[in-house]
Amino acid sequence: MTAPVRVSQQAEKCDPARAAFRKDVWSGLSQDLKSIPPKYFYDQHGSELFEAITRTPEYYPTRAELSILNDNAAAIASHIPAGAAMIEFGSGATTKARILLQAAQVAAYVPVDISGAFLASEVKRLENDLPGLKVFPVAADFTQPFELPSEMEGMPLVGFFPGSTLGNFEAHEATAFLRHAAKLLGPNARLIIGIDRVKDPDILHHAYNDSAGMTAAFNLNLLRRINRELDANFDIDKFCHYAFYNREHSRVEMHLVSRARQKVRIDGRNFEFRRGETIHTENSYKYTPELFRTIAQGAGWRQAAVWVDADQSFSVHLLVSEEEKYISD
Ligand code: SAH
Ligand code: AVI
């Protein structure tokens, strides 16, 4: 007789995304220092909460980057060849892409995002607002290999990676992503990328501890998602949001702190938490211009231009792919 198979295990055969989510949560919570990768923040509600964060007075990066894109739209667009396809990594609400799509003569826009339902609704809104634009959405994890739609064949490709989402990677992951992007976009590709800069720790602290509690809700939503999608029983009130600037590593860290000693069951497996123990949910690295240029160079990209906001708090970089060796890896 074969061993009984749990219903959830059977379901995962048809749902590899759920299997990967469970594997990452189980393995992250089995470490001495518990952690969960930040890409799991983004279910439908997580994406909506991220948008709410961008509207808080404390979260300066979105406003700073929008001001750079608006003030330099024509100059940035001049590096996007007519008839190119613009591939955006982590497109979210597409607010920033719209500025470039209106300033350049692109033939197609490919928003890539892990938050599938949110992506679909934002694409509908975009098609409604820019009726002539050809949009080819790709719901995918951009840290894993994925295919571009076949319609992109033969078109010059320009990557767009705003929001300083690169800052959510460790240095080796940032290098791997940039190499992978060079390979995906092909010879002579360009990448327009937004990067948050090292600054006054007080500004950073408030940006990740907004007074309306949006960042806290975004962080805690991860536990709600695990409860819903992985048959778990986190008591959300027994965890709290904790974010601080780690000066030594030039990064803002986000954690969920257990308010009590407790046990949580996730898809049939128990995990114990001490009072005060944390789940590390995100790092948001802040770069100096020199460090970013060095990392980009190490991944086969040459910095061709850089635009900065009035407060020098954020920068948008134009990178040009220069090393064939990364393309043929
Ligand atoms: N580009 C937007 C959104 C930034 S928030 C802006 O600048 O405002 C980060 C976005 O990246 C979210 O939409 C999230 O769903 C997406 N994302 C995060 N990790 C991802 C991954 N591994 N693969 C694909 N998309 C990811
Ligand atoms: C998407 N990413 C760059 C954001 C950041 O600032 O690290 C996500 C975020 N986390 C908390 N607030 C916003």
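Of the residues S67, S35, S91, S47, which single one is more than 16 Å from ligand 2 (Cβ to nearest atom) and among the hydroxyl-bearing types (S, T, Y)?
Working: S35 fails: more than 16 Å from ligand 2 (Cβ to nearest atom); S91 fails: more than 16 Å from ligand 2 (Cβ to nearest atom); S47 fails: more than 16 Å from ligand 2 (Cβ to nearest atom).
Checking each option against the conditions leaves just S67.
In region 205-220, how many residues are crowded, with 20+ Cβ neighbours inside 10 Å and of a type in the set (S, T, N, Q)?
2
Restricted to region 81-90, and to residues that are open to solvent by 10 Å² or more (accessible area, probe 1.4 Å) and in contact with a strand residue (DSSP E or B) (Cβ under 8 Å, 6 or more places away or on another chain), which residue is nearest to L178 (Cα to Cα)?
Keep residues of region 81-90 that are open to solvent by 10 Å² or more (accessible area, probe 1.4 Å), which gives 81-83, 90.
From what is left, the residues that are in contact with a strand residue (DSSP E or B) (Cβ under 8 Å, 6 or more places away or on another chain) are 81, 90.
Values: P81: 21, G90: 14 Å.
Filtering first and then ranking leaves G90.
Among (1) within 13 Å of ligand 2 (Cβ to nearest atom); (2) over 21 Å from T288 (Cα atoms), where does H180 come up short?
(1)
Just the residues that are over 18 Å from F218 (Cα atoms) and either of a type in the set (G, A, S) or touching an Asp or Glu at 6+ places or on another chain (Cβ under 7 Å) (or both), please, taken from region 241-257.
N246, S250
Give me a count of the residues in region 234-267 that are farther than 25 Å from M214 by Cβ and surrounded by fewer than 12 Cβ atoms within 10 Å (Cβ to Cβ).
2
F118 versus (1) within 19 Å of M214 (Cα to Cα); (2) more than 10 Å from ligand 1 (Cβ to nearest atom); (3) not charged (D, E, K, R): which is the lone unmet condition?
(2)
Could you count how many residues in region 77-93 are more than 22 Å from the chain's Cα centre (by Cα) and not in a loop (DSSP other than H, G, I, E, B)?
Restricting attention to region 77-93, the residues satisfying the condition of being more than 22 Å from the chain's Cα centre (by Cα) are 77-84.
From what's left, not in a loop (DSSP other than H, G, I, E, B): 77.
Residues that pass the stated criteria total 1.
Let me spell it out: the conditions are (1) surrounded by fewer than 16 Cβ atoms within 10 Å (Cβ to Cβ); (2) free of Cβ contacts under 8 Å to residues at least 60 places away in the same chain; (3) over 27 Å from Y245 (Cβ atoms), and D200 meets all of them except one. Which number is the exception?
Status for D200: all satisfied but (3).
Could you tell me whether region 123-131 includes any residue that is within 16 Å of ligand 2 (Cβ to nearest atom) and modelled with pLDDT of 95 or more?
Applying the first criterion (within 16 Å of ligand 2 (Cβ to nearest atom)) to region 123-131 yields none.
There is no residue in region 123-131 that is within 16 Å of ligand 2 (Cβ to nearest atom) and modelled with pLDDT of 95 or more.
Which pairs have Cβ atoms under 9 Å, sit 6 or more apart or on different chains, and link a residue in region 13-36 that is open to solvent by 60 Å² or more (accessible area, probe 1.4 Å) to one that is among the hydroxyl-bearing types (S, T, Y)?
From region 13-36, the pairs are L33/T278.
Restricting attention to region 182-193, does a residue exist that is crowded, with 19+ Cβ neighbours inside 10 Å, within 11 Å of ligand 1 (Cβ to nearest atom), touching a residue at least 40 places away in the same chain (Cβ under 8 Å) and not in a loop (DSSP other than H, G, I, E, B)?
Taking region 182-193 as the starting set, the residues that turn out to be crowded, with 19+ Cβ neighbours inside 10 Å are 182, 184-185, 189-193.
Applying the additional criterion that residues be within 11 Å of ligand 1 (Cβ to nearest atom) yields 193.
Pick out the ones that are also touching a residue at least 40 places away in the same chain (Cβ under 8 Å) and you get 193.
Going one step further and asking which of them are not in a loop (DSSP other than H, G, I, E, B), we end up with 193.
For region 182-193, residues crowded, with 19+ Cβ neighbours inside 10 Å, within 11 Å of ligand 1 (Cβ to nearest atom), touching a residue at least 40 places away in the same chain (Cβ under 8 Å) and not in a loop (DSSP other than H, G, I, E, B): present.
Looking only at region 109-125, which residues are in contact (Cβ under 8 Å) with a residue 40 or more places away in the chain and in contact with a Leu (Cβ under 8 Å, 6 or more places away or on another chain)?
First, pick out the residues of region 109-125 that are in contact (Cβ under 8 Å) with a residue 40 or more places away in the chain: 110, 113-115, 117-118.
Residues satisfying the conditions are V110, D113.
Can you name every residue in region 139-179 that is more than 8 Å from ligand 1 (Cβ to nearest atom), under 18 Å from W301 (Cα atoms), part of a helix (DSSP H, G or I) and not aliphatic (A, V, I, L, M)?
Result: G167, H172, E173, T175, F177, R179.
For region 149-163, which residues satisfy the criterion of being surrounded by fewer than 19 Cβ atoms within 10 Å (Cβ to Cβ) and on the phi > 0 side of the Ramachandran plot?
G154, the sole residue that qualifies.
Mind listing whichever residues of region 30-63 are within 13 Å of ligand 1 (Cβ to nearest atom) and either at pLDDT below 95 or among the acidic types (D, E) (or both)?
Across region 30-63, the qualifying residues are D43, E48, E51.
Of all residues in region 94-106, how many are within 16 Å of ligand 2 (Cβ to nearest atom), open to solvent by less than 20 Å² (accessible area, probe 1.4 Å) and part of a helix (DSSP H, G or I)? Full working, then the answer.
Within region 94-106, the first condition is being within 16 Å of ligand 2 (Cβ to nearest atom), and the residues that meet it are 94-97.
If we keep only those that are open to solvent by less than 20 Å² (accessible area, probe 1.4 Å) too, we end up with 94, 97.
Next, from what is left, pick out any that are part of a helix (DSSP H, G or I): 97.
Summing the residues that are within 16 Å of ligand 2 (Cβ to nearest atom), open to solvent by less than 20 Å² (accessible area, probe 1.4 Å) and part of a helix (DSSP H, G or I) in region 94-106 gives 1.
I want to confirm something. Restricting to region 107-126 and keeping residues that are in a helix (DSSP H, G or I) and under 18 Å from H45 (Cβ atoms), which single residue is most open to solvent (accessible area, probe 1.4 Å)?
Initially, region 107-126 is screened for residues in a helix (DSSP H, G or I), giving 116-126.
Add one more test, that the residue is under 18 Å from H45 (Cβ atoms), and what stays is 116-122, 125.
Working: G116: 36, A117: 67, F118: 14, L119: 8, A120: 58, S121: 53, E122: 19, R125: 108 Å².
Step by step, filter region 107-126, then rank; the result is R125.
The values are calculated or read from the model by the stated rules, or taken from the named source; none is laboratory data. A quick note: this is a predicted structure, and the numbers were derived from the prediction, not measured. Every residue, glycine as well, gets a Cβ built from its backbone with ideal geometry; the counts of neighbours run over all protein chains shown. Ligands, DNA and RNA are stripped out before the accessible areas are found, and what is left, the full protein with its side chains, is counted by its heavy atoms. Shrake-Rupley method; radii C 1.70, N 1.55, O 1.52, S 1.80 Å.
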